[in-house]
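Report on one structure; see the data block that follows.
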Amino acid sequence: MRAIGPERSLWLVARGLWFHRQLRRYVVQGLFLGAVLLALATTISNVHSNLVRQGMAYGWDFLWRNTGWRLSTSILSQDLGDPYWWTIAMGVLNTLVLGLLCIVLATILGCCIGLFRLSSNAAVRAFSTVYVDVLRNVPVIMQIYFWYEIFKHAPTERQALAFGGGFFLSSRGLYFPALRIDPGAGLLLAGLAVLVGATAYMAIKGRSIYPLLASLAASAVVLGWPGGAVQWQLPVLQGFSFRGGHRMPVEFLVLLVAITLYSASYIAEIVRGGLLSVEAGQIEAGRALGLRERTINWRIRFPLAMRSALPPLSNQYLITMKVTSLGAAIGFADLFSVTSSSINHAGQTIEMLVVMMGSYLLINYVLATVMQRLNQRIALKRNEPSPRSGPRQPLTAWLRWNRAKPGSVNP
């Protein structure tokens, strides 16, 4: 019997290990992960060497330095002496508020336009078709500039356009009523929030909306009571400007209108496709039961359509959130604009790019996760065997086993 050399033995061992399917899979994954980590470490090392060679500062200490500049739009208070981390947080908050408002308004408007496209009225159907075809095929940046020019040429504050309920539109933005909350009303607001949350949970479990309506009415009475801790403050024209209330800056208003109309055109097509995917038998069954068309739409057509429309709708929500970065074109202080200004003032390019990409990644990942969970909740459930009982035997296998039993009679 011929002896096997060490080289031959190593080759046979390596061959045997390679043809082991599970081990081979782990080896390939390990090699790929190692290559990615090596490339990342090489990139970081090269960036560090270039920064040191050029004498550029790096690190995260700049986040606690004063910015020295003020944002044009800020939901919360922001001043010249605030540090960079607070200014960046205000940019993130502006992006979140704008994106979520656009998503809510675009969903409502898109659902209406989607229904109009299936209407039996020719004029309504033609209007919705023109709306979708025009706004979907015009770049969103052009729509932003279009609305920006319109709102910038609005009347001055002394000739502001008045709407019902204390709303005034001028070239500086939209003035609307706001809540004036006393500093000692925090406990009252917390109690009302707990009351509304508890009744909402009871309404969901008990499938009755009356407790929620009662708690909302009680909260409205408490908040709107004259002389209370929480009062409505209406904007009033005094001299050349408005006093009281709150002002939505023109940049925020332009982006809210442009992005909402743009996203609603895509959502309308998603909703229309979902409605068309509903089987005609479901609608006919509702009509056979004597249900009204409105009841059929809300109880049958819309719930079934959402199961097929929710995945593309989630994708459109992510696009809407990312489109808010175009606000830098008209001077809106969103996350992209704030990080760009921070790079120019602080010079921390790499760090600010990491902050910006990480913030967008976190926002969109949370939004995608929420939509995925919602999609899982409304998806059709399948009757699968329990893992404890094991897979069910096919009928043919059971018959074969029964025939092989002692004392069984074969046909």
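Please treat every number below as a calculation from the coordinates, not as lab data. If you're wondering where the values come from, they're calculated on a predicted model, not measured in any experiment. Glycine gets a Cβ as well: all are built from the backbone with ideal geometry, and neighbour counts include every protein chain shown.
Calculated FRET efficiency, Ile378 to Phe32, Cβ-Cβ distance, R0 = 45 Å: about 0.80 to the nearest 0.05.
To the nearest 0.05, how large is the calculated FRET efficiency for Gln54 and Arg136 if R₀ is 30 Å and r is the Cβ-Cβ distance? According to the calculation, E is roughly 0.05.
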